[in-house]
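Student: This is the structure I have questions about; it appears just below.
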Amino acid sequence: MNQRIARWWRQLRRRVNIRRYRADLLAPETVARARPMNLYYEPTAYCNLKCKICYRETADGFADNKHMPDAVFERVAAAYPDALSVLLLGYGEPLILPQLSEHIARCREHELMGMTSTNGILVDDKIIDLFLSGGLSLVNFSLDATTPETYKKVRGSDAFPKILDNFKRLSAEKRRRGLGAPILCVSFCLLSDNLGDYPALPRLAHELGAEHILTQPFEADADFGGHKGLTVDAAELDRMVEAARVESLALGISFWRTPHNQPPDLHPLDVAASPDGWREPPLSGPPRFYCESLWRMMGVKYDGRVFPCCPRLNTIVGDLATQTVDEVWNGPAYRRLRWELLSGNYPKICEKCPERRPFAPEEYFAQQMAWVDDVIALTARTL
């Protein structure tokens, strides 16, 4: 009975938070009514690969080789009761974290849509059991190749056959247990070095037992001049991705292409350190630009520094090493960014983002609530 009451209370809290999020979408203000709906945090900054396109290898500040302290994680987890999903991912390999089982268990306890992504090298029987323990709704293996030769070229490792075998064992054990979750996904970052491998991805995913394919384009960033020669012609990319999508659906595999891969902001901007003397001016007229991320998402680096949306940003809006989630979420830095968006003087960090666009309240509301409904349905199906 106590468990039933606790579950009813959790569901009630989330319904209340969703209603507040609806209000944030329809009548956005600088102070968010809802608490964060989606939490994105980096459990560790350690990694066991040196991928040529990873910002760990091309930019400063992305590879500190430290784990998230327990105290920071507890502050992140304080937001779990109101959230819908948690993504355990950053620039490190999550399976290196010794306390990963505790993080996943907390997702299970709060009946969250937990998700993570791995390169798959460290997957063993213990990890397979952990993945299937009920705390995750989606597990992604980041492949970026369909042959050992290309994987070696892109990822600098000979582990590709082992990774495929690990995925097959995970898929087989999931079927043996008769589980609906987690959804098993493979992802592919499309660049010139692996272009020839991409057409074989749907068939490989089918053979592995994958249920979902995620494709994203690689985009070099002029700010650090990195790997411009690896980008793919847009028309060719569209043609190849559409062909893969059609074949994937025919094989019974769902397919998603991310619309962009936002380049990083390599010029650190500590918003949290500057707005103490800032006073919020009144908004003149209705919102002119809008991005729901600032009312929906909170990202946390391994050390507690909070970023507002894209994890490539060096823009910091708070620090969970010294602040609570609520102190950051409606603190001066977040409010200042929201005000700049709503006033039409969009923040500098938004200049590169293709999501920036004029605000159409009714259309945006319908789009975002459809997303919320999908997440709720997926959570119910996979937990």
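The values are calculated or read from the model by the stated rules, or taken from the named source; none is laboratory data. Everything numeric here is computed off the predicted structure, so don't read it as measured data. Cβ coordinates were reconstructed from backbone atoms using ideal geometry, including for glycine residues, and neighbour counts include every protein chain displayed. Ligands, DNA and RNA are stripped out before the accessible areas are found, and what is left, the full protein with its side chains, is counted by its heavy atoms. Shrake-Rupley method; radii C 1.70, N 1.55, O 1.52, S 1.80 Å.
Student: Which residue out of Glu93, Glu57 is in contact with a Leu (Cβ under 9 Å, 6 or more places away or on another chain), closer than 30 Å to Asn194 by Cα and acidic (Asp, Glu)?
Tutor: Values: Glu57 fails: in contact with a Leu (Cβ under 9 Å, 6 or more places away or on another chain).
Within the list Glu93, Glu57, the selection yields Glu93.
Student: Continuing with the same structure: Keeping to segment 133-172, report how many residues are in contact (Cβ under 8 Å) with a residue 12 or more places away in the chain and of a type in the set (Asp, Glu).
Tutor: Selection size over segment 133-172: 1.
Student: Quick one: how many residues across segment 173-196 are closer than 15 Å to Gly120 by Cβ and touching a Gly at 6+ places or on another chain (Cβ under 7 Å)?
Tutor: 1
Student: Let me ask something else. Any idea which residue in segment 36-55 is nearest to the chain's Cα centre (by Cα), counting only those that are buried (at least 20 other Cβ atoms within 10 Å of the Cβ) and among the hydroxyl-bearing types (Ser, Thr, Tyr)?
Tutor: Among them, the one singled out is Tyr40.
Student: Has segment 216-238 got at least one residue that is under 28 Å from Met113 (Cα atoms) and of a type in the set (Val, Ile, Thr)?
Tutor: Applying the first criterion (under 28 Å from Met113 (Cα atoms)) to segment 216-238 yields 216-218.
Next, from what is left, pick out any that are of a type in the set (Val, Ile, Thr): none.
No: zero hits.
Student: Now, a different point. When both residues are 6+ apart or on different chains and their Cβ atoms are under 9 Å apart, which pairs have a first residue that lies in segment 101-114 and is more than 15 Å from Asn38 (Cα to Cα) and open to solvent by 40 Å² or more (accessible area, probe 1.4 Å), and a second that is outside any helix (DSSP H, G or I) and among the hydroxyl-bearing types (Ser, Thr, Tyr)?
Tutor: Close Cβ pairs satisfying both conditions: Ser101/Ser133; Arg108/Ser133.
Student: Just one of Arg4, Arg10, Arg19 is open to solvent by 30 Å² or more (accessible area, probe 1.4 Å), part of a helix (DSSP H, G or I) and touching a Pro at 6+ places or on another chain (Cβ under 7 Å); which is it? Outline the logic, then answer.
Tutor: Working: Arg4 fails: touching a Pro at 6+ places or on another chain (Cβ under 7 Å); Arg19 fails: touching a Pro at 6+ places or on another chain (Cβ under 7 Å).
Exactly one residue qualifies, and that residue is Arg10.
Student: A further question on this structure: So which strands (runs of 3 or more DSSP E) are wholly in segment 282-322 and hold at least 2 residues that are in contact with a Phe, Trp or Tyr (Cβ under 8 Å, 6 or more places away or on another chain), modelled with pLDDT of 90 or more and more than 21 Å from Gly344 (Cα to Cα)? Explain how you work it out, then say what you get.
Tutor: Working: elements: 297-300, 305-307, 313-316.
Correct list: 297-300.
Student: Under 6 Å by Cβ, and 6 or more places apart or on different chains, what pairs join a residue from segment 1-20 that is of a type in the set (Ser, Thr, Tyr) with one that is at pLDDT 85 or above?
Tutor: Close Cβ pairs satisfying both conditions: none exist.
Student: Could I ask something else about it? Scan segment 1-15 residue by residue and report those that are at pLDDT below 85 and of a type in the set (Lys, Arg).
Tutor: Of all residues in segment 1-15, those at pLDDT below 85 come to 1-11.
Across segment 1-15, the qualifying residues are Arg4, Arg7, Arg10.
Student: Answer yes if at least one residue in segment 227-249 is at pLDDT 70 or above and under 30 Å from Ala32 (Cβ atoms), and no otherwise. Outline the logic, then answer.
Tutor: In the first step, residues of segment 227-249 are kept if they are at pLDDT 70 or above; the result is 230-249.
Checking which are under 30 Å from Ala32 (Cβ atoms) leaves us with none.
No: segment 227-249 contains no residue that is at pLDDT 70 or above and under 30 Å from Ala32 (Cβ atoms).
Student: Looking at (1) out of contact with any Leu (no Cβ under 8 Å at 6 or more places or on another chain); (2) farther than 21 Å from Val328 by Cα; (3) modelled with pLDDT of 90 or more; (4) open to solvent by 40 Å² or more (accessible area, probe 1.4 Å), can you tell me which one Arg33 breaks?
Tutor: Evaluating Arg33 over (1) out of contact with any Leu (no Cβ under 8 Å at 6 or more places or on another chain); (2) farther than 21 Å from Val328 by Cα; (3) modelled with pLDDT of 90 or more; (4) open to solvent by 40 Å² or more (accessible area, probe 1.4 Å) leaves (2) as the failure.
Student: Residue by residue through segment 129-139, note down the ones that are under 16 Å from Leu208 (Cα atoms) and open to solvent by 10 Å² or more (accessible area, probe 1.4 Å).
Tutor: The first filter runs over segment 129-139 and keeps only residues under 16 Å from Leu208 (Cα atoms), leaving 138-139.
The one that is under 16 Å from Leu208 (Cα atoms) and open to solvent by 10 Å² or more (accessible area, probe 1.4 Å): Leu138.
Student: Further question on the same structure: Taking Leu341 as the residue in question, decide whether it is of a type in the set (A, V, I, L, M), modelled with pLDDT under 75 and at negative phi.
Tutor: Values: of a type in the set (A, V, I, L, M): yes; modelled with pLDDT under 75: no; at negative phi: yes.
No, not satisfied.
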